[in-house]
Amino acid sequence: MEKIFLIGGSGFIGKNLVRCLSPYYQISIFDKYIDHDFFADYPSVNVYQLDLVADKIPSEIIAPDYIINLASIVTAERDLSLFDELISSNLKVLLNLYERFKDTSSLKLFIQFGSSEEYGSISSPFKEENREYPNSPYALVKQLTTNTALMLHRNYGFPAMVVRPGNLFGPGQNKNKFIPYVIDKLRKGEPLNVSPCEQKRDFIYVDDFAWCIGRLIKNYPSAVGEIVNVASGESISLRNIIEICKAGMGNVSQINYGALPYRENEMMDLKCSENKLASIISQEVNFNMNERLNEYIQKL
């Protein structure tokens, strides 16, 4: 069985990748914080607690076929004081992993996680060849790691690629994220204070996302050296998300649209082209947001 290392794999995305991919791969988790209760249900998964900035993965651990680097601090804040911590949690981890695995002949693909926020406020749909205009410290540091990963491939033959996810949602997501926050409020029958919610986002369910990652791994020779959007290719307004949730739950909670302002430099339409993804995996990407959202509601 081929091996995958999930770096920073004890978070929301990592756990769902474990859930979806562990039947097909031997997975090892490396993270500073480990959810031991979760991984107790997956005894075949190896778990290592490491400070990924300060420590390197021990040399005695057998190298994998694939590495997925999820390690990052995710924030919507625009505060410039965040740069030091963001660089530490993103760029330093990437460079540490490169130094550890640069001479590993078994490594077929290194997936570095970028962000669709790297595109900034350009017109969507975002295409991988677009020049980026990041408008937050988080997005700028993500662009830095994207360029670093691709430089390591071009200059040193490191088998890196960059995945830019859409807006993920699914089981185990923190309730401070938009969709679980909305569902939690509606389930409690509490009023919901939100912005006008006309901004649109490209949402993708974690099961669909994991399927795409699995297909990229299977087609790794075509993925190496590329930036690939992994998203639905469609955008939906946050207002529509709320109304779908209300209808699916039969809820009559008061929704106070406009009670909160938009964030500074808010992107009003974030939609990613999925054409390159479909080309690499040789399969059409077609996900049904309404079906997936209702499926998610039923699981909560």
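Couple of notes before you dig in:
- All of (1) closer than 24 Å to Lys218 by Cα; (2) surrounded by fewer than 16 Cβ atoms within 10 Å (Cβ to Cβ) hold for Ile27 with one exception: (2).
- Selection within the range 130-167 - under 29 Å from Asn265 (Cα atoms) and part of a loop (DSSP other than H, G, I, E, B): Asn130, Arg131, Glu132, Tyr133, Pro134, Asn135, Ser136, Gly166
- When the range 1-26 is filtered for residues that are assigned to a strand (DSSP E or B) and out of contact with any Phe, Trp or Tyr (no Cβ under 8 Å at 6 or more places or on another chain), only Gln26 remains.
- The set of residues in the range 230-243 that are crowded, with 18+ Cβ neighbours inside 10 Å and not small (Gly, Ala, Ser) comprises Val230, Glu234, Ile236, Leu238, Ile241, Ile242.
- Where strands (runs of 3 or more DSSP E) sit wholly within the range 193-292, those with at least 2 residues that are touching a Lys or Arg at 6+ places or on another chain (Cβ under 8 Å) and under 22 Å from Pro134 (Cβ atoms) occupy 227-230.
- Checked against the criterion of being buried (at least 16 other Cβ atoms within 10 Å of the Cβ), modelled with pLDDT of 95 or more and farther than 19 Å from Ala223 by Cβ, the range 104-111 contains not a single residue that satisfies it.
- Test result for Lys177, under 21 Å from Ser237 (Cβ atoms) and basic (Lys, Arg): yes
- Meets criteria (surrounded by fewer than 21 Cβ atoms within 10 Å (Cβ to Cβ), more than 23 Å from Asp208 (Cα to Cα) and not aromatic (Phe, Trp, Tyr)) for Ser59: yes
- Within the range 193-229, restricting attention to residues that are farther than 19 Å from Ser121 by Cα and of a type in the set (Val, Ile, Thr), the residue that is surrounded by the most Cβ atoms within 10 Å (Cβ to Cβ) is Ile204.
- No other residue among Ile87, Ile62 is at pLDDT below 95, out of contact with any Phe, Trp or Tyr (no Cβ under 9 Å at 6 or more places or on another chain) and within 23 Å of Tyr25 (Cβ to Cβ) apart from Ile62.
- Of the numbered criteria (1) part of a loop (DSSP other than H, G, I, E, B); (2) outside the structural domain of Ile62 (by TED's automatic domain parsing), the one Ile183 fails is (1).
The values are calculated or read from the model by the stated rules, or taken from the named source; none is laboratory data. Note that the structure is a prediction, hence the values are computed from the model and not measured. Because the Cβ atoms are built from the backbone with ideal geometry, glycine has one as well, and the counts that use them run over all protein chains shown.
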